[in-house]
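Here's the structure, in structure tokens; my notes come after.
The values are calculated or read from the model by the stated rules, or taken from the named source; none is laboratory data. Only a predicted model underlies this, so the values are computations on that prediction, with no experimental measurement involved. We place every Cβ from the backbone using ideal geometry, glycine too, and count neighbours over all the protein chains shown.
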Amino acid sequence: MRLTYMSIHDVIRWRLQERRLFALRPLAAGTSARRCMLLAEDVWSLLNTTHEDQELEERIGFLQADLEVFAEGQPIHPKYLFLLYPVEDAVWEIRSVRPAPSIRVLGLFADKDVFVATNYALREELGGWQSREWKQVKRRARAVWSSLFHPYPPMVSTDVNQLVSGAINGKYFKERA
Amino acid sequence: MFTAIAEFFAEEAEKGAITKKTIAEMLGKDPAQVTRWLAAPSNFELDTISDLLLAMGAEMDYRIVRFSERPAPNYIHPLLVGAPDLDDSRVSFAVELKSEDTKIRKLTPEAETTSDKKIRKKITPEAATTSSAELLERVP
């Protein structure tokens with residue numbers, strides 16, 4: 001019997017072919033996907049569902065533009081990307097703040113510059129950092145990760161430079177007692 | 001910063017225009033100090049940079065560049081090479097339609113059922129506004 005080692009990159013390619021993951025490609029002319037932003041079905045559906053509410057459509061457009069910031073390789077700032085508590089869960093949030101309502105896209109890093117956006121939530125529905133809602137969305141992020149990549153773990157690091165190229169110096173996580 | 005200075009020194013030294021010894025003499029420094037400066041990155045003070053470059057007959061030009069004005073990269077993340085994109089989705093959707101041709105029969109927007117439209121929307125917004133006939137034309 002011949003055993004073949006499969007890297008997480010192979011799994012990602014497989015999931016892309018299966019359409020369980022979707023690559024976000026920047027839409028603006030002259031841009032390219034310098035970093036890899038992969039969307040799980042929840043996030044993909046949100047971006048690609050046509051809504052009758054014009055305001056919602058526009059808001060989702062802004063969300064897509066915010067996600068493209070990562071994909072385009074633009075500089076990353078702690079106001080944009082933040083590591084959620086607890087650090088060992090390795091769940092990060094991308095903050096799409098404007099226009100209201102503020103949206104949080106949760107995800108984990110499969111590799112440096114490879115972010116898997118697992119799920120999203122409206123900030124106003126999440127409450128304080130210890131709330132049940134926050135725990136639920138973080139648990140959901142981990143669950144989506146497991147369903148896609150088990151047994152591969154996400155990258156765990158508090159050093160943003162190990163996970164993203166072009167990150168501006170700053171505080172990307174908060175120590176909690 | 002260090003790379004720019006070290007590269008400039010290397011170019012000038014290759015031309016025979018300058019040596020570390022002459023720089024040291026011009027600055028009144030120990031040649032070993034100049035060697036250390038040019039050997040590895042360190043926390044240069046602006047004065048040091050200015051002195052070093054002055055000794056080489058040059059000066060630093062400062063320019064602030066907006067992130068938005070930086071040229072766009074012309075490469076793609078290796079994981080995305082060959083990955084399906086929206087165009088592929090449209091084609092596969094059209095193939096799906098073709099295989100269900102017997103059900104749809106007439107490929108006109110009027111003949112489409114509500115579920116067809118739902119599928120379109122699910123796949124891509126472009127597909128939602130493109131007629132089946134147009135999609136089928138794109139199938140190789």
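For the range B:20-53, a residue qualifies if it is among the aromatic types (Phe, Trp, Tyr) and assigned to a loop (DSSP other than H, G, I, E, B), and exactly one does: B:Phe44.
Of everything in the range A:18-30 that is outside any helix (DSSP H, G or I), on the phi < 0 side of the Ramachandran plot and charged (D, E, K, R), the residue that is modelled with the highest pLDDT is A:Arg20. Comparison of A:Glu93, A:Glu55, A:Glu68 shows that the only residue that is crowded, with 18+ Cβ neighbours inside 10 Å, under 21 Å from A:Glu125 (Cα atoms) and not small (Gly, Ala, Ser) is A:Glu93. Taking first residues from the range A:124-144 that are closer than 14 Å to A:Arg176 by Cβ and partners that are of a type in the set (Val, Ile, Thr), the Cβ contacts under 8 Å between residues at least 6 apart in sequence or on separate chains come to A:Lys138/A:Val91. Listed conditions (1) outside any loop (DSSP other than H, G, I, E, B); (2) facing chain B (nearest Cβ under 9 Å) are all met by A:Trp44, apart from (2).
Apart from one condition, A:Arg15 fits all of (1) closer than 20 Å to A:Arg142 by Cα; (2) modelled with pLDDT under 90; the exception is (2).
Assessment of the range A:102-120 against the conditions (of a type in the set (Lys, Arg), more than 14 Å from chain B (Cβ to nearest Cβ) and surrounded by fewer than 17 Cβ atoms within 10 Å (Cβ to Cβ)) yields no matching residue. Being touching a helix residue (DSSP H, G or I) at 6+ places or on another chain (Cβ under 7 Å) and not polar (S, T, N, Q) holds for only one residue in A:Leu16, A:Leu56, A:Leu24, and it is A:Leu24. Of all the numbered requirements in (1) assigned to a helix (DSSP H, G or I); (2) surrounded by 16 or more Cβ atoms within 10 Å (Cβ to Cβ); (3) in contact (Cβ under 8 Å) with a residue 12 or more places away in the chain; (4) not charged (D, E, K, R), A:Phe62 misses one, and that requirement is (2).
With a requirement of 1 or more residues that are over 24 Å from A:Leu47 (Cα atoms), none of the strands (runs of 3 or more DSSP E) lying completely within the range A:75-177 satisfies it.
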